[in-house]
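Participant: If you scroll down you'll find the structure; I have some questions about it.
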Amino acid sequence: MNRLIAGGLAAIAMSLLAGTANAETLRVALHGQAGIDAFTPTAERMEKELGVTVEIVEYPAPDKDYMTKLLTELAAGNAPDLFSIPGASDVADMVAAGYLAPVGAELAAWPGYKDFVDVAKQLAVSPDGETYVMPYILGIQQIYFRRDLLEKAGISTEQPKSWADLLDRAKEIKAKTGAYGLLFPAGTSWGGGAFAEGFSHLIIGSSTPQIVTDDGKFDLSGKGVLDVFQFYKDLIDNDLMPVDPLLGPEPWVIPKYEMFPKGELAATTCGSWCYIFDWGRESKNPIPNVTTVVGTWADPGQESGEFVLAGLGAPWAVNAKSANLELAKKALLETGSVDNQIETAARIGNIPSSNAVQADPRFQALTELVPIQAAANHGTYLKQATGMSAVSEGVARATEALLRKETAAAGAQAILVDYVKQTLGDEAVK
């Protein structure tokens with residue numbers, strides 16, 4: 001009798017839950033409170049529209065620890081159904097490992113995709129021609145500078161015309177203000193940012209603007225890469241960028257969150273998120289009137305040209321081994337909604353990929369981001385290839401050696417080339 005009563009109560013409980021959860025649960029991996037907060041409204045919409053329960057699985061931060069955990073779980077077959085990928089350079093390797101489900105057909109059939117800027121769609125295409133991620137948000141990066149500091153010192157705020165012009169500007173800043181003139185993220189502590197937020201800004205304007213060749217190899221041995229490392233060395237040797245913070249843990253904290261607001265660092269590479277998260281309304285150390293006080297330069301080319309660097313901002317992907325693959329793919333489309341793009345932009349400061357946000361009053365209220373979103377239609381990007389994560393790590397190691405003054409530019413290039421060859425094989429490098 002007791003067993004029958006217990007069974008009846010359990011059946012009633014399950015029937016009550018079925019109306020909301022539909023006996024389906026989608027597990028979603030995220031990290032960082034800002035990202036979780038930005039995604040929560042989307043999770044609620046997924047539950048309502050798809051009739052599922054969304055379980056947010058919080059993985060460790062920062063990005064490097066998150067990816068270590070995610071890759072371990074994917075290899076073990078225990079990973080969540082849906083997850084974001086912090087570093088776009090990891091996407092091609094995850095595709096090659098068979099971890100990501102193809103979603104190109106679903107995106108092509110989804111009405112919202114037609115409004116995405118071309119650069120987002122191009123960035124989402126993997127080397128095999130298939131699409132495996134939702135490119136819902138972009139990191140639009142430029143050089144951010146303290147306009148007020150330069151104007152007070154009588155230093156030009158005009159767009160630098162070349163690397164030499166940029167270097168001269170940094171020297172003038174140091175000479176006239178005592179502040180460090182320019183920061184490019186570097187070193188192993190910065191992880192993937194040494195490549196994505198530093199090296200990439202220079203390589204796109206070099207004589208080797210794309211390091212991935214048509215046959216998928218890496219062009220790392222030429223003059224363009226050497227010249228990039230020489231630019232780093234010139235900054236370091238002339239004491240134009242703060243080195244000591246870059247050799248410690250969380251190397252971005254002191255230069256970007258402390259020195260730049262204090263005016264002790266006058267220029268740094270950064271992305272649209274910096275106007276909100278690093279120095280604006282979501283910052284712990286905000287700069288008053290940030291969009292007026294802090295200006296932007298495009299990345300100058302080595303000899304000429306201007307480049308606005310675009311990259312995928314933590315694209316969403318579906319676990320290829322999800323127990324409910326079709327449901328996970330439907331949930332993926334919701335991550336690309338205008339609502340999620342605007343909510344993420346408001347919390348994180350990245351740029352929505354859909355031009356449809358320009359007609360939305362909620363996005364128009366994000367005045368720091370509106371003009372940058374329009375500029376995304378003209379972004380420049382680096383092509384991806386399997387093994388790009390090894391290149392990213394090699395750049396971090398090479399720039400670490402430069403920071404420690406253990407090598408010259410040619411030695412840094414050798415560190416990069418040797419690491420990629422040791423990791424991927426000699427044939428991976430052109």
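The values are calculated or read from the model by the stated rules, or taken from the named source; none is laboratory data. Predicted, not measured: the structure shown is a model, and the values here were computed from it. Cβ sites come from the backbone with ideal geometry, for glycine too, and all protein chains shown count toward neighbours. When the accessible area is computed, the model is the full protein with side chains, heavy atoms only, and any ligands, DNA or RNA have been set aside. Shrake-Rupley method; radii C 1.70, N 1.55, O 1.52, S 1.80 Å.
Participant: Which pairs do you get when a residue that is more than 21 Å from Phe184 (Cβ to Cβ), found in segment 263-289, comes within reach of a residue that is among the charged types (D, E, K, R) and open to solvent by 20 Å² or more (accessible area, probe 1.4 Å), reach meaning Cβ atoms under 8 angstrom, with the pair 6+ apart or on two chains?
Facilitator: Final answer for the pair search is Ile276/Glu282; Ile276/Glu368; Gly280/Glu368; Glu282/Arg347; Asn285/Glu258.
Participant: Here's another thing I want to ask about it. Report every pair of residues separated by at least 6 positions or lying on different chains whose Cβ atoms are under 7 Å apart, first residue within segment 193-219 and closer than 22 Å to Lys64 by Cβ, second of a type in the set (A, V, I, L, M, F, W, C) and in a strand (DSSP E or B).
Facilitator: Filtered contacts from segment 193-219: Ser200/Leu309; His201/Leu309; Ile211/Phe218; Phe218/Val212; Phe218/Val429.
Participant: Is it the case, given these coordinates, that Ala376 is touching a Ser or Thr at 6+ places or on another chain (Cβ under 8 Å) and in a helix (DSSP H, G or I)?
Facilitator: yes
Participant: If you don't mind, another one. Quick one: which residue in Ala75, Ala18, Ala61 is at pLDDT 95 or above, out of contact with any strand residue (DSSP E or B) (no Cβ under 6 Å at 6 or more places or on another chain) and open to solvent by 30 Å² or more (accessible area, probe 1.4 Å)?
Facilitator: Testing whether each residue is at pLDDT 95 or above, out of contact with any strand residue (DSSP E or B) (no Cβ under 6 Å at 6 or more places or on another chain) and open to solvent by 30 Å² or more (accessible area, probe 1.4 Å) leaves just Ala75.
Participant: Restricting to segment 213-237, what's the tally of residues that are open to solvent by less than 20 Å² (accessible area, probe 1.4 Å) and modelled with pLDDT under 95?
Facilitator: Count: 0.
Participant: Does Gln302 satisfy being in a loop (DSSP other than H, G, I, E, B), in contact (Cβ under 8 Å) with a residue 40 or more places away in the chain and within 16 Å of the chain's Cα centre (by Cα)?
Facilitator: Values: in a loop (DSSP other than H, G, I, E, B): yes; in contact (Cβ under 8 Å) with a residue 40 or more places away in the chain: yes; within 16 Å of the chain's Cα centre (by Cα): no.
Against the criterion (in a loop (DSSP other than H, G, I, E, B), in contact (Cβ under 8 Å) with a residue 40 or more places away in the chain and within 16 Å of the chain's Cα centre (by Cα)), Gln302 does not qualify.
Every residue, every condition in (1) of a type outside the set (Asp, Glu); (2) at pLDDT below 95; (3) in contact with a Ser or Thr (Cβ under 7 Å, 6 or more places away or on another chain), yes or no:
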position: Asp118; (1), (2), (3): no, yes, no
position: Pro127; (1), (2), (3): yes, yes, yes
position: Pro135; (1), (2), (3): yes, no, yes
position: Ile140; (1), (2), (3): yes, yes, yes
position: Asp148; (1), (2), (3): no, no, no
position: Ala153; (1), (2), (3): yes, no, yes
position: Ser156; (1), (2), (3): yes, no, no
position: Lys161; (1), (2), (3): yes, no, yes
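Rundown of residues vs (1) at positive phi; (2) outside the structural domain of Trp316 (by TED's automatic domain parsing); (3) out of contact with any Gly (no Cβ under 8 Å at 6 or more places or on another chain), yes/no style:
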residue: Gly129; (1), (2), (3): yes, no, yes
residue: Ala153; (1), (2), (3): no, yes, yes
residue: Ser162; (1), (2), (3): no, yes, no
residue: Ala175; (1), (2), (3): no, yes, yes
residue: Gly181; (1), (2), (3): no, yes, yes
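Participant: Tell me, please, whether a residue that is among the polar types (S, T, N, Q), closer than 20 Å to Asp168 by Cα, under 19 Å from the mean Cα position of the chain (by Cα) and not assigned by TED's automatic domain parsing to the domain that holds Ser353 can be found in segment 262-284. Outline the logic, then answer.
Facilitator: Initially, segment 262-284 is screened for residues among the polar types (S, T, N, Q), giving 268-269, 272, 283.
Add one more test, that the residue is closer than 20 Å to Asp168 by Cα, and what stays is 268-269.
Those still in the list that are under 19 Å from the mean Cα position of the chain (by Cα) too: 268-269.
Still in the list and also not assigned by TED's automatic domain parsing to the domain that holds Ser353: 268-269.
For segment 262-284, residues among the polar types (S, T, N, Q), closer than 20 Å to Asp168 by Cα, under 19 Å from the mean Cα position of the chain (by Cα) and not assigned by TED's automatic domain parsing to the domain that holds Ser353: present.
Participant: Same structure, new question: Can you confirm whether Lys69 is among the basic types (Lys, Arg), at pLDDT below 90 and surrounded by 15 or more Cβ atoms within 10 Å (Cβ to Cβ)?
Facilitator: no
Participant: Restricting to segment 307-333, count the residues that are open to solvent by 20 Å² or more (accessible area, probe 1.4 Å) and modelled with pLDDT of 95 or more.
Facilitator: 8
Participant: Also, quick follow-up: Which of the residues belonging to segment 340-364 are open to solvent by less than 50 Å² (accessible area, probe 1.4 Å) and either over 25 Å from Gly280 (Cα atoms) or in a helix (DSSP H, G or I) (or both)?
Facilitator: Asn340, Gln341, Ile342, Glu343, Thr344, Ala345, Ala346, Ile348, Ala356, Val357, Phe363
Participant: Among the residues in segment 22-42, are any under 28 Å from Gly349 (Cα atoms), outside any helix (DSSP H, G or I) and of a type in the set (Phe, Trp, Tyr)? Let's see the steps before the verdict.
Facilitator: Kept after step one, since they are under 28 Å from Gly349 (Cα atoms), are these residues of segment 22-42: 26-42.
In the following step, the residues that additionally are outside any helix (DSSP H, G or I) were identified as 26-32.
Imposing the further condition that a residue be of a type in the set (Phe, Trp, Tyr) reduces the set to none.
There is no residue in segment 22-42 that is under 28 Å from Gly349 (Cα atoms), outside any helix (DSSP H, G or I) and of a type in the set (Phe, Trp, Tyr).
Participant: Taking helices (runs of 4 or more DSSP H) that fall entirely within segment 86-163, which contain at least 3 residues that are of a type outside the set (D, E, K, R) and farther than 29 Å from Tyr59 by Cα?
Facilitator: In segment 86-163, the matching helices (runs of 4 or more DSSP H) lie at 104-109, 147-153.
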